[in-house]
Amino acid sequence: MPTSSGRVNRGPAAASENRQAILDSARRLFTERGYHVPLSAIAKDAGVGQGVLYRHFPTRLDLAFTVFEENFTQLEAIAAEPGPDAFGHLWERMVELTVESAAFVEMAVDARRAMPEYTGGERLRVLIGDTLPRARAAGLIDPVVTVADVLLAHRMVYGVIATVIDPAEAAPAARRAVDLLRWAARDQKT
């Protein structure tokens, strides 16, 4: 029987397809409606029952962490680039992912409060710390910029995204914030 998403649920034989459909729906609905979108809406959008969703992801955090892990996989691949441009690519993708996945940043903040053992913040710190020195050595980034500065700038970009009223304004607002941060950094040099 076709579902609202047009998929036909084939039961246990489609477990991996169901899991991926849930992840795709979660990413889309978290982006459109925020981290607290009802899990029932995600299941419906994915074309699965709530029981299927809960078998794969027992809690909202389990689901969100799995989607968030996909983001980290992308960032880790970028950070593994050997050249000095890796930091710039990493920063650009971090901003894009923050625009696309602001709800996941909200989740990470919640997780940090509720689960002190969550290591996402440290993982991000390491990725920046691995790429920033190469960019500084190549003269692509001011030598005084630290990992803490980059993380602060990222939090500032998130703040801009989290406070826009119209979601369509998130990407342009984030880009404008990044431009303002660059301007402020240049202004400090003079």
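Rule-based calculations on the coordinates, nothing more; no lab input. Model, not experiment: these values are computed from the prediction. Heads up, the Cβs are rebuilt from the backbone with ideal geometry, glycines too, and the neighbour counts pull from every protein chain shown.
Against the chain, whose longest principal axis is taken from its Cα atoms, helix 102-114 shows a tilt of about 90°. Simple point charges give the picture: +1 on the Cβ of Lys and Arg, -1 on the Cβ of Asp and Glu, and for the range 108-150 a dipole about the Cα centre of about 40 debye. For the range 106-154, GluC sites (Glu not before Pro) meeting the loop criterion (DSSP other than H, G, I, E, B) and having at most 11 other Cβ atoms within 10 Å: 117. I'd like the FRET efficiency for residue 140 and residue 166, computed as 1/(1 + (r/R0)^6) with the beta carbon distance as r and R0 of 35 Å, rounded to 0.05. The pair residue 140/residue 166 has a calculated efficiency of 0.55. For the chain, the longest principal axis of the alpha carbon atoms and the long axis of helix 86-100 meet at an angle near 40°.
If R0 is 30 Å, the Cβ-Cβ spacing of residue 74 and residue 54 corresponds to a FRET efficiency of close to 0.65. The simple spin-label model puts a point 7 Å past each Cα toward its Cβ; for residue 117 and residue 66 those points are separated by 2.0 nm. With R₀ set to 22 Å, the beta-carbon distance separating residue 24 from residue 149 gives a calculated FRET efficiency near 0.05. In the chain, one over the average inverse separation of all distinct C-alpha pairs is 18.2 Å, which is the Kirkwood hydrodynamic radius.
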